[in-house]
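Peer 1: Following this message is one structure expressed as structure tokens.
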4 protein chains.
Amino acid sequence: MSTASASVLEQFKAPLQLRRPEPGGALVRIEMAGICGTDVHLWKGELPIGLPVILGHETVGRIEQLGEGVETDWTGQPLQVGDRVTWNPSAACGACYYCAEKRLPTRCTSRRAYGIGYKCDQAPHFLGGYAEFHYLRPRTTIFKLPDDLPTESIIGAGCALNTAIHGVERTGISWRDVVVVQGAGPVGISALAVAKSAGAARVIVLGAPKARLELAKRFGADHVIDLDELRTPAERIEVVRRLTGGYGADVVLECAGVPSAVVEGMEMCRDGGRYLVLGHYCDAGPVSWNPHVVTRKQLTVIGSWSSEPRHLKAAMGFLRDNLERFPFAQMVSHRFRLEDANEALATTAAWKSAKSVLVPAGA
Amino acid sequence: MSTASASVLEQFKAPLQLRRPEPGGALVRIEMAGICGTDVHLWKGELPIGLPVILGHETVGRIEQLGEGVETDWTGQPLQVGDRVTWNPSAACGACYYCAEKRLPTRCTSRRAYGIGYKCDQAPHFLGGYAEFHYLRPRTTIFKLPDDLPTESIIGAGCALNTAIHGVERTGISWRDVVVVQGAGPVGISALAVAKSAGAARVIVLGAPKARLELAKRFGADHVIDLDELRTPAERIEVVRRLTGGYGADVVLECAGVPSAVVEGMEMCRDGGRYLVLGHYCDAGPVSWNPHVVTRKQLTVIGSWSSEPRHLKAAMGFLRDNLERFPFAQMVSHRFRLEDANEALATTAAWKSAKSVLVPAGA
Amino acid sequence: MSTASASVLEQFKAPLQLRRPEPGGALVRIEMAGICGTDVHLWKGELPIGLPVILGHETVGRIEQLGEGVETDWTGQPLQVGDRVTWNPSAACGACYYCAEKRLPTRCTSRRAYGIGYKCDQAPHFLGGYAEFHYLRPRTTIFKLPDDLPTESIIGAGCALNTAIHGVERTGISWRDVVVVQGAGPVGISALAVAKSAGAARVIVLGAPKARLELAKRFGADHVIDLDELRTPAERIEVVRRLTGGYGADVVLECAGVPSAVVEGMEMCRDGGRYLVLGHYCDAGPVSWNPHVVTRKQLTVIGSWSSEPRHLKAAMGFLRDNLERFPFAQMVSHRFRLEDANEALATTAAWKSAKSVLVPAGA
Amino acid sequence: MSTASASVLEQFKAPLQLRRPEPGGALVRIEMAGICGTDVHLWKGELPIGLPVILGHETVGRIEQLGEGVETDWTGQPLQVGDRVTWNPSAACGACYYCAEKRLPTRCTSRRAYGIGYKCDQAPHFLGGYAEFHYLRPRTTIFKLPDDLPTESIIGAGCALNTAIHGVERTGISWRDVVVVQGAGPVGISALAVAKSAGAARVIVLGAPKARLELAKRFGADHVIDLDELRTPAERIEVVRRLTGGYGADVVLECAGVPSAVVEGMEMCRDGGRYLVLGHYCDAGPVSWNPHVVTRKQLTVIGSWSSEPRHLKAAMGFLRDNLERFPFAQMVSHRFRLEDANEALATTAAWKSAKSVLVPAGA
């Protein structure tokens, strides 16, 4: 085996040479790669990256080769050829101002993500998930998957779950809080699951279309508000207030990515409430907003970016412990071959799937 | 003594009858009343209140009569006729959803403030500071002033200091943080003093005009940025970044009340920084803002409203311990007689004074 | 109706006169009163109180008479004669140093508890739960019980649940923490339930006898350690370490009330872990302890005393939402008539019951 | 230059060969080394370490040689031969359970400290401060000293200041808190300075002998309590209570290292107060202690171990900004030549010096 196929964003140049892993690195044969909403933004050119890129930052595979010195995974478990693994798409340097002094590794100044920040016309080429093989650079945080945790659970949850875990951690849901989740996509569903399992008394989910709200109910939403039925912010704010004794929710988690949702959501908070801006990973442009709301309501507004390796470890335990209660594996609704990556992206872009995945031919 | 004069917002009806304090209440002969920026907003009709009102919520006076049962001040010190006192303009009920369940007394649902929320054509009439006498309702949180704490210190600091103390408490300045203060008015100067005394490594103040920036330097500002010299947000952001190693400040305290300052200030935060929206007590209208900044920079944005009695207690100790280091008494730059209240308001409105005060004839 | 029976600690003097409730007060006809472990301590004279006392601080009853001005319960719901209610046994003053300045109402300087701190030879006499009637003083925080929340749930949970809710709140369990609970009595079982519902990844319970550990399993304990089998601290610490990757638990909740358990439990914490001393409501004497453990392991050790009204509100919601998952009503294992209070206390003292309760004849 | 002298704990074998620094390492010519109280414990054999060891973990020197790849210091400043520098005595691995998952680098499982954890009979030998040269291993966190920060400031503050900064950070002093410091040695004086600069309203220091209390006053202590005058815990607790309105202090910082001080100090806390166990770096044995105090007073008891590089960075800024207010350089009271290391240790052991230092002949 010396060449491998990959779905490359922009035209594919030629079969690329797979090199042996350097010390600290590893080579993985991919079993499944998730299509993330961010991939759609990248595909549409809405985020500034260099091309060509092999997309895909949600990936599960089996160790094909281990570089020298790689003996355990991030949690200290022995790692061997053949092990099924997943990993964080980026690694913090541990030494920069944000890593070392401000303990904010998600804002590491040298952070680059597989499937986003590496051009595949440069060695080691295979640094994205839409491929047969994935090269893992030294310092990649690898996690061995336990046998009772299906690949579909990991990919069904995707980076959305890690993102939600980090966001909810930063927000701080108190036990028995009433929580609103704005958005019923992968991040919203994940935030719902985390909030419910973290002791929220009730979780109200706003979203569309209906299939997503059904999924939200399956994941334990106490109330769902259909954006296709309640079409104005004023109506929706009114319903949330009514459901919360007239005061608003203790915590509102924005998982919509729509700027106007932020303005609407702050009005859904009770005074002294907490508001998480989680869905704005991409720049969706400005909105007309009155900062008086933050003062008057004594809000705390929190941002959260990406996640750390410890969140992925927590996610794995959470998924395994809740296969029934929060069936993330069921979110994998559409499977595509590697060569149908464009169709997979189009399906996700059209909101037709809960989760589309790519499965290489040999996997 | 059965009548008293008062500067009433809207036409003055007639000499009002002072009644004896009911159980739990008190009557105070006013020594000095501060003109707060909020009073200017009220005067201009920019805040929705019922008229007529005796303005003034920053007041020092001497106990004239004590109602039955009032034996000590809020801190437990004995209280007697003749004692010089100040008080919080509003009192929380202690029983509502915000007071009792959410521990947020500043958002008490029945909160009303002296000098703002009481009409003076209804008994007991004298519920504002622009007057010779002030009636203190039962449950008013009264503080006896120590002899070594001048009236000018209390009034010079005014409600701005209490507001800043509460805001900085909610924001959480860490020891050796680099802090930016947007605004050099009373709230900004107060925030500067609190930040410096709370262990900030450096405080950068943005404001205008020059006299205010000189005052900021006198209060320990490490750098001042003159809005009249650096006229664009981009320039000011650039300077703040340069002064902070290229990253931005750990904490930015907005004390300007200008919506665009909020947009500008968030860019002055380092990633993971904390941003306080403190100056937006009034609704100054919307601004075009991109919520992506909160996610991308992992910001925490905090609002703070008014203050609690414990903040006034802390303020009193702080003022007394720092008569030299933070000379708030010197902020009292313009004194007016009660009958010249309009002139006092105009002076404050024109930003001609650091602090204007009213001194009743007999005081 | 003008007299009522009561189980009085110390000899019963004579039928007492029930007076009509003063404004703000209420009279309740008791349906059920729980026997708390603290009652046993009081009964044995291990806590310094004045006698005679009507014991009982876990009580449910129906409103018999409402004093003037009592129109709603603590949450704002309308309150009427005939409503089934419960209440906090003590009320904070809202004005003292701890209530007002330090926001620590559980340490209110004038706090007194029904069933503990009131002598029944003084009017209004009926200030404890082992009786037919209970007088509720003005400022008592009353909660109307929803129809779908059985009396047995409230009494089965008792003050143990409120205590555990407050303790876990102060300790701060993070989502996916590994938790150890020392003790499987009412407080330990409650702490287990709260920890599980608050997102703990796993909860390990140490206790005895076997029946209590079975109950712990029914309430979701992931592991139980039987003190009758593992008889030395060293063995138990070893097992906990083995169950936690060799590091110890993130959080250890002491619900045993035995001083040596505190020394043992700190060794069960991982470095940087959190340790709650919750079971030491009574003074059980000193123990030989090495403070070096706190420094070396960078522990945070937290104490928690009693609870606030908001915890009782949370408990009610929690109980109603989890009738199946956490069946506190099943803990009511032994019912006694009012005149058999001594037998009820003896049963609890002998650890023969999960929860003993008193049911007045007419209820 | 190929040999160098060093004060070796246990018999000195022979002149050792200095090797050139490997990539990432550096060689430093020592200017000054502090004698820390921990060194006395090590010298007396009270801590379990392997011998022979070159003691000394508080060191300033000049870069003699830089290994390949060392271009900047920890803060990103260019580093060159001849630069005056200091460094953290140990470095966290960044990858273990405590470093990566629990963000607790001070408990890194592979942590070893210069001057404590390295035997000098093994290459590279020179890993302690009581020497002419110090070898800095790769990953050592080096800090270039600004010209206006004297070597005496750094050594006078020593690791005590870093320890205090970390401890106070973990404890969380709130602005205007009343603070008690138990102990007036280097850690106590440092804690005093940090507490004062962090906004403490008043700091009360307990200690002995008189010279140390004079130093405490020079560093801003508001009250000092002389252990030689008030000889019983009861007396001292009484005075602290009297100085704190009868309630006790908001925060008590234990910097004494005496187990009985912990029992005494918890009684000096107000209810709901915070208690830092900072002085128990060494195991000084057990004490009879009643855990009921933690529950009854709702205390939070915090441990803190060593410090992180960011604390040293903060210390440097703090020292430079406060050369007058907190004159740590003046603590350097006794200077010794390298060959008089035993005398230096004896002087420190006898509490005769504020701070003893070693100055190599050539420095």
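The values are calculated or read from the model by the stated rules, or taken from the named source; none is laboratory data. All values derive from a computational prediction rather than experimental measurement. Cβ atoms come from the backbone with ideal geometry, glycine included; neighbour counts cover every protein chain shown.
Peer 1: Can you name the residue in region C:280-309 that is β-branched (V, I, T) and facing another protein chain (nearest Cβ under 7 Å) and is also farthest from the chain's Cα centre (by Cα) among such residues?
Peer 2: The extreme case among them is C:T295.
Peer 1: Within region D:264-363, considering only helices (runs of 4 or more DSSP H) that don't extend past its boundaries, which have at least 1 residues that are among the hydroxyl-bearing types (S, T, Y) and more than 30 Å from C:C282 (Cα to Cα)?
Peer 2: The helices (runs of 4 or more DSSP H) meeting that bar are D:341-349.
Peer 1: Another question, if that's okay. Tell me the strands (runs of 3 or more DSSP E) entirely within region D:66-175 that contain at least 3 residues that are surrounded by 17 or more Cβ atoms within 10 Å (Cβ to Cβ) and either at pLDDT below 95 or within 14 Å of another protein chain (Cβ to nearest Cβ) (or both).
Peer 2: Because the criterion is at least 3 residues that are surrounded by 17 or more Cβ atoms within 10 Å (Cβ to Cβ) and either at pLDDT below 95 or within 14 Å of another protein chain (Cβ to nearest Cβ) (or both), no strands (runs of 3 or more DSSP E) in region D:66-175 meet it.
Peer 1: List the residue pairs whose Cβ atoms are under 9 Å apart, where the first residue sits in region D:237-248 and is closer than 15 Å to B:T75 by Cα, the second is of a type in the set (S, T, Y), and the two are 6 or more positions apart or on different chains.
Peer 2: Cβ pairs passing all conditions: D:G245/B:T75; D:G245/C:Y97; D:G246/C:Y97; D:Y247/C:Y97; D:Y247/C:Y98.
Peer 1: Which count do you get for residues in region C:177-195 that are crowded, with 24+ Cβ neighbours inside 10 Å and over 17 Å from C:V239 (Cα atoms)?
Peer 2: Of the residues in region C:177-195, 11 are crowded, with 24+ Cβ neighbours inside 10 Å and over 17 Å from C:V239 (Cα atoms).
Peer 1: Determine, yes or no, whether C:Q80 is touching a Leu at 6+ places or on another chain (Cβ under 6 Å), free of Cβ contacts under 8 Å to residues at least 60 places away in the same chain and more than 30 Å from B:H311 (Cα to Cα).
Peer 2: no
Peer 1: Kindly indicate whether any position in region C:264-271 is at pLDDT 95 or above and either among the β-branched types (V, I, T) or within 20 Å of the chain's Cα centre (by Cα) (or both).
Peer 2: No, the conditions are met nowhere in region C:264-271.
Peer 1: Name the residues in region D:298-330 that are closer than 14 Å to D:E152 by Cβ, touching a strand residue (DSSP E or B) at 6+ places or on another chain (Cβ under 8 Å) and buried (at least 24 other Cβ atoms within 10 Å of the Cβ), would you?
Peer 2: Within region D:298-330, none qualify.
Peer 1: Applying the selection to region C:51-65, what residues are assigned to a loop (DSSP other than H, G, I, E, B) and surrounded by 22 or more Cβ atoms within 10 Å (Cβ to Cβ)?
Peer 2: If the condition is that a residue be assigned to a loop (DSSP other than H, G, I, E, B) and surrounded by 22 or more Cβ atoms within 10 Å (Cβ to Cβ), then C:L55, C:G56, C:H57, C:E58 are the ones that fit.
Peer 1: Still on this structure: Among the residues in region D:349-361, are any hydroxyl-bearing (S, T, Y), crowded, with 22+ Cβ neighbours inside 10 Å and either within 26 Å of D:V262 (Cα to Cα) or touching an Asp or Glu at 6+ places or on another chain (Cβ under 7 Å) (or both)?
Peer 2: No, region D:349-361 contains no residue that is hydroxyl-bearing (S, T, Y), crowded, with 22+ Cβ neighbours inside 10 Å and either within 26 Å of D:V262 (Cα to Cα) or touching an Asp or Glu at 6+ places or on another chain (Cβ under 7 Å) (or both).
Peer 1: Can you tell me which of B:G246, B:G273 is over 26 Å from B:S197 (Cβ atoms), among the small types (G, A, S) and within 11 Å of chain A (Cβ to nearest Cβ)?
Peer 2: When all the criteria are applied, what remains is B:G246.
Peer 1: If you don't mind, there's one more thing I want to ask. What is the residue count in region A:274-291 for residues that are in contact with a Gly (Cβ under 8 Å, 6 or more places away or on another chain) and either closer than 23 Å to B:T171 by Cα or crowded, with 20+ Cβ neighbours inside 10 Å (or both)?
Peer 2: Summing the residues that are in contact with a Gly (Cβ under 8 Å, 6 or more places away or on another chain) and either closer than 23 Å to B:T171 by Cα or crowded, with 20+ Cβ neighbours inside 10 Å (or both) in region A:274-291 gives 10.
Peer 1: Further, regarding this structure: Restricting attention to region A:23-35, report how many residues are in contact with a Lys or Arg (Cβ under 9 Å, 6 or more places away or on another chain) and either closer than 16 Å to A:P186 by Cβ or surrounded by fewer than 19 Cβ atoms within 10 Å (Cβ to Cβ) (or both).
Peer 2: Residues that pass the stated criteria total 4.
Peer 1: Which pairs do you get when a residue that is more than 10 Å from chain B (Cβ to nearest Cβ) and under 23 Å from A:G37 (Cα atoms), found in region A:255-270, comes within reach of a residue that is modelled with pLDDT of 95 or more and in a helix (DSSP H, G or I), reach meaning Cβ atoms under 7 angstrom, with the pair 6+ apart or on two chains?
Peer 2: Listed pairs, sorted by first residue: A:C255/A:V187; A:C255/A:G188; A:C255/A:A191; A:E264/A:P233; A:E264/A:R236; A:E264/A:I237.
Peer 1: Same structure again: When you go through (1) under 19 Å from C:Y275 (Cα atoms); (2) buried (at least 21 other Cβ atoms within 10 Å of the Cβ) one by one for D:D271, which number turns out not to apply?
Peer 2: All conditions are met except number (2).
Peer 1: Kindly check whether there is at least one residue in region C:202-211 that is charged (D, E, K, R) and farther than 14 Å from C:V301 by Cα.
Peer 2: Yes.
Peer 1: OK, next. Which one of these is among the aliphatic types (A, V, I, L, M), surrounded by fewer than 19 Cβ atoms within 10 Å (Cβ to Cβ) and more than 14 Å from every other protein chain (Cβ to nearest Cβ): D:A216, D:A211?
Peer 2: Among D:A216, D:A211, only D:A211 is among the aliphatic types (A, V, I, L, M), surrounded by fewer than 19 Cβ atoms within 10 Å (Cβ to Cβ) and more than 14 Å from every other protein chain (Cβ to nearest Cβ).
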